[in-house]
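Participant: Here it is, the structure, as structure tokens.
The values are calculated or read from the model by the stated rules, or taken from the named source; none is laboratory data. Keep in mind it's a predicted model, so treat the numbers as computed, not measured. As a convention, Cβ positions derive from the backbone with ideal geometry for all residues, glycine included, and neighbour counts pool all protein chains shown. Note: areas computed on protein heavy atoms with side chains; ligands, DNA, RNA excluded. Shrake-Rupley method; radii C 1.70, N 1.55, O 1.52, S 1.80 Å.
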Amino acid sequence: MKPDLSALYALNTTDFIHRNEILLLCFGIIILLLLVIMIIVSISKTKRLKTLRQLNEVAEESNQLKNAFIANMTHEIRTPLNAIVGFTNILAETDNLSREERMFFLKEINDNKDFLVQMINDLLDFSKIEANTIEYNDGDVDVNALIDEICAVENAHPRPSGILLEFVEKLPQCRLMIDRIRFAQVVNNLVKNALKFTEQGSVKIGYRRLSNNNFYFYVADTGCGIDEDSRRAIFERFVKMNYNIRGTGLGLSITKSIVEHYGGGIGVESKKGEGSTFYFTLPAGIEYKEYGKF
């Protein structure tokens, strides 16, 4: 009678499994671990490749912004310098100018000088923010008085549109423990932007307290408005909404950094062609409450 080879094979296999059960279990665990490691390595590699692609995209975008910024700065610096030199030469070389003409040329020289100073200040502030060396000298600031002062300065310069900056909403009294120069810089940046892009209608500034006692400041205009894509990028560095209008593209980025230094937030609500409302919040904790020192 021939032996049943299949039965014999099955018996030997079963016997082998029983005698080497622990060894086979360990071997199975090792294979499973190797598979897990391979999966983790594959996922990690995929994530690294994705991160690398994203970093390359960010670097490329940053490089494009930097190139646009340099090109824009070259133009922005040359334009006011040419105006200053040109009008100065006219004043120096022309004898028969009327008083009105001289005043006009002097105003143009002064306006272009102010623009150059502002541009240099923006560049210096931006470099300090990038290097984390910007200084804040906090003190007691009367918010109503400061905004009244800003309105008076802006309204002292007549505009062809006749638009005036209106202080439409405020608390009876409000004092903050904050750097006066930096706070004024934030408000001025938002106000000047609104006036720059508003040819008709109004520009209004105000502030109030929110339900959580934080302070909400806003500048609302009836200007050209901002589309959705531009709103996402408007507070980024080197970004300009209209390259035909003078500016460094750094003002809103600097404003955002200052507001965030004090634990606040900044944003914009706008529709193309319907105006914009730029706003920022400041935490209730920076309120100066020693009103007896008025």
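Participant: Restricting to the range 191-208, and then to whatever is within 14 Å of residue 154 (Cβ to Cβ) and among the basic types (Lys, Arg), can you tell me which residue is modelled with the highest pLDDT?
Facilitator: It comes out as 204.
Participant: Being open to solvent by less than 50 Å² (accessible area, probe 1.4 Å) and either free of Cβ contacts under 8 Å to residues at least 12 places away in the same chain or touching a His at 6+ places or on another chain (Cβ under 6 Å) (or both), is that true of even one residue in the range 106-129?
Facilitator: No, the conditions are met nowhere in the range 106-129.
Participant: Of all residues in the range 269-282, which are more than 22 Å from residue 251 (Cα to Cα) and touching a strand residue (DSSP E or B) at 6+ places or on another chain (Cβ under 8 Å)?
Facilitator: If the condition is that a residue be more than 22 Å from residue 251 (Cα to Cα) and touching a strand residue (DSSP E or B) at 6+ places or on another chain (Cβ under 8 Å), then no residue fits.
Participant: Something else about it: Mind telling me which of the residues 77, 84 ends up being surrounded by 13 or more Cβ atoms within 10 Å (Cβ to Cβ), at pLDDT below 80 and on the phi < 0 side of the Ramachandran plot?
Facilitator: 77
Participant: To continue, here is another question. Out of the range 185-234, which residues are in a loop (DSSP other than H, G, I, E, B) and free of Cβ contacts under 8 Å to residues at least 40 places away in the same chain?
Facilitator: 199, 200, 202, 211, 234
Participant: Pick from 147, 163: which is touching a residue at least 24 places away in the same chain (Cβ under 8 Å), in the same structural domain as residue 277 (by the TED database) and within 20 Å of residue 287 (Cβ to Cβ)?
Facilitator: Being touching a residue at least 24 places away in the same chain (Cβ under 8 Å), in the same structural domain as residue 277 (by the TED database) and within 20 Å of residue 287 (Cβ to Cβ) holds for just one of 147, 163, which is 147.
Participant: Ok, one more. Among the candidates 197, 167, 215, which residue alone is farther than 15 Å from residue 277 by Cα and among the aromatic types (Phe, Trp, Tyr)? Show your work before the answer.
Facilitator: Values: 197 fails: farther than 15 Å from residue 277 by Cα; 167 fails: farther than 15 Å from residue 277 by Cα.
When all the criteria are applied, what remains is 215.
Participant: What number of residues within the range 145-184 satisfy the criterion of being within 13 Å of residue 206 (Cβ to Cβ), among the charged types (D, E, K, R) and not in a helix (DSSP H, G or I)?
Facilitator: Total satisfying the criteria: 3.
Participant: Take the residues in the range 160-191 that are open to solvent by 60 Å² or more (accessible area, probe 1.4 Å) and out of contact with any Gly (no Cβ under 9 Å at 6 or more places or on another chain), then tell me which one is farthest from residue 262 (Cα to Cα).
Facilitator: Among residues in the range 160-191 that are open to solvent by 60 Å² or more (accessible area, probe 1.4 Å) and out of contact with any Gly (no Cβ under 9 Å at 6 or more places or on another chain), the one farthest from residue 262 (Cα to Cα) is 160.
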